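Asks: A single structure is presented below for examination.
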Amino acid sequence: MTKIIEKFELFGKEYTLETGELAKQAGGAVLVRQGDSVVLVTATASSEPKDTDFFPLTVDFEERIYAAGKLPGGFIKREGRATEKATLTARMIDRPLRSAFSEGFRNEVQVIATVLSADQEHQPDVISIMGASAALLVAGIPFEGPLAGVRICRDVQTGEFLVNPTFEETEASDLDLVVGGSRDAVYMIEAGADEVSEEDMLAALAFAQEAMGAFCDVQERFLASVAPTPMEVVLDEVPAWIT
């Protein structure tokens with residue numbers, strides 16, 4: 001596969017989706033960038049379904065010290081265990097993805113997001129949801145994509161909603177809302193706020209839905225350039241009591 005790059009600007013922030021150069025042995029690999037924060041997301045699925053009564057999806061978010069320009073030294077020369085933030089971010093990626101697969105899909109799927117660069121300004125967690133969706137699409141793994149994730153904050157002075165704000169913009173906001181889903185549906189919501197009214201929260205959710213649709217449109221344009229081969233799968237029969 002040749003190297004394909006999709007650069008775009010949405011809601012005042014610049015992003016990049018890239019594939020074809022790194023992790024070529026993975027089913028699909030996408031480099032997603034906001035500012036100088038870069039995450040490599042890979043997605044791979046087994047060729048045959050597993051003999052299980054659940055969907056075997058594994059999502060891992062790998063933080064690396066070198067991403068912040070540091071190297072382990074002294075007595076400790078290796079990376080430590082996953083931090084609480086890494087574990088929560090992996091769950092944040094998992095929730096919208098897991099909801100987008102068919103009930104009878106039993107092929108094992110692994111999604112790994114590795115932070116290659118953290119510029120201490122742009123947050124790498126939410127863009128990893130878009131990267132995971134794009135990697136699954138590039139791999140041809142069947143699911144109800146594209147999906148996207150957005151963080152919505154609000155400028156206290158102007159009342160304007162911000163999409164995927166910087167750390168500084170988030171700290172100055174009275175709202176920290178993370179939404180994951182497709183163009184037409186919301187699959188996940190996480191929120192923290194300083195007594196935001198119900199009307200303002202509903203307006204933020206509506207704005208998040210609009211923003212996710214814009215990111216999904218970009219992924220479809222990116223996918224058209226890649227032209228992946230769809231994966232052939234056999235869906236397991238779902239018991240009647242589940243449907």
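The values are calculated or read from the model by the stated rules, or taken from the named source; none is laboratory data. Note that this is a predicted model, so its numbers are computed, not measured. We place every Cβ from the backbone using ideal geometry, glycine too, and count neighbours over all the protein chains shown. Protein only, heavy atoms only, side chains kept; ligands, DNA and RNA dropped before computing areas. Shrake-Rupley method; radii C 1.70, N 1.55, O 1.52, S 1.80 Å.
Asks: Just subtract the alpha-carbon distance of residue 36 and residue 24 from 0.36 nm times their residue separation and send over the number in nm, one decimal. Each step should come with its number before you reach the end.
Replies: Values: separation 12, 0.36 × 12 = 4.32 nm, distance 2.28 nm.
Value of the extension gain: 2.0 nm.
Asks: Take the chain, drop everything but the C-alpha atoms, weight them equally and run the Debye formula without solvent; then report log10 I(q)/I(0) at 0.07 Å⁻¹ to two decimals.
Replies: At q = 0.07 Å⁻¹ the computed log10 ratios are -0.24.
Asks: Of the peptides 154-160, 43-49, how do they stack up when ordered by the mean number of other Cβ atoms within 10 Å, highest first?
Replies: On the way: 154-160: 12.1, 43-49: 17.9.
Ranked from most to least packed, the peptides come out as 43-49, 154-160.
Asks: Next up: Once the cut-off is 21 Å, how many percent of the Cα-Cα pairs in segment 85-169 end up in the long-distance tail?
Replies: 38 percent
Asks: Moving on. For 108, 210, give me the order by solvent-accessible area with a 1.4 Å probe, most accessible first, ignoring ligands, DNA and RNA.
Replies: Details: 108 60, 210 115 Å².
Descending accessible area places them as 210, 108.
Asks: How high is the FRET efficiency between residue 52 and residue 190 when r is their beta carbon distance and R₀ equals 41 Å, given to the nearest 0.05?
Replies: Numbers: r = 28 Å, r/R0 = 0.69.
Step by step, r from the Cβ atoms, then E = 0.90.
Asks: Here's another thing I want to ask about it. Amide H of residue 143 versus every other amide H placed in the peptide plane: which residues, excluding those fewer than 5 positions away on the same chain, fall under 5 Å?
Replies: So residue 143 has HN proximity to no qualifying residue.
Asks: Next question. Can you send over the solvent-accessible area of residue 231, 1.4 Å probe, protein chains only, in Å² to the nearest 10?
Replies: Rounded to the nearest 10, that gives 50 Å².
Asks: What fraction of the Cα pairs in segment 104-152, stated in percent, has a spacing above 15 angstrom?
Replies: 52 percent
Asks: Another question, then. How big is the dipole moment of the chain about its Cα centre under a simple scheme where the beta carbon of each Lys and Arg is +1, that of each Asp and Glu is -1, and everything else is neutral? Debye, nearest 20, please.
Replies: Around 1120 debye, computed over the chain.
Asks: To continue, here is another question. Rounded to the nearest 500, what is the 222 nm mean residue ellipticity of the chain from helices alone, with -39500 (n - 2.57) per DSSP H run of 4+ residues and division by all residues?
Replies: On the way: 4 runs with 65 residues, N = 243.
Computed ellipticity for the chain at 222 nm equals -9000 deg cm²/dmol.
Asks: Computing the accessible area with a 1.4 Å probe over protein heavy atoms, can you report the carbon and sulfur percentage for the chain?
Replies: 50 percent
Asks: Once the Cβ-Cβ distance between residue 234 and residue 82 is put in as r, and R0 is 41 Å, what FRET efficiency do you end up with, to the nearest 0.05?
Replies: For R0 = 41 Å, the calculated efficiency reads 0.75.
Asks: Then there's this: Cross-link partners among lysines for residue 3, C-alpha distance below 16 Å, same-chain residues fewer than 8 apart left out?
Replies: 24
Asks: Now a separate question. Give me the net charge for the shell around residue 182: Cβ to Cβ below 14 angstrom, other residues only, Lys and Arg +1, Asp and Glu -1. It would help to have the intermediate numbers written out before the result.
Replies: Values: positive: 95, 98, 183; negative: 144, 184, 210, 217, 220.
Computed value for this residue: -2.
Asks: Sequence neighbours fewer than 8 away in the same chain don't count; with that in mind, list the aspartates and glutamates whose C-alpha is under 12 Å from residue 7.
Replies: Those aspartates and glutamates meeting the cut-off are 18.
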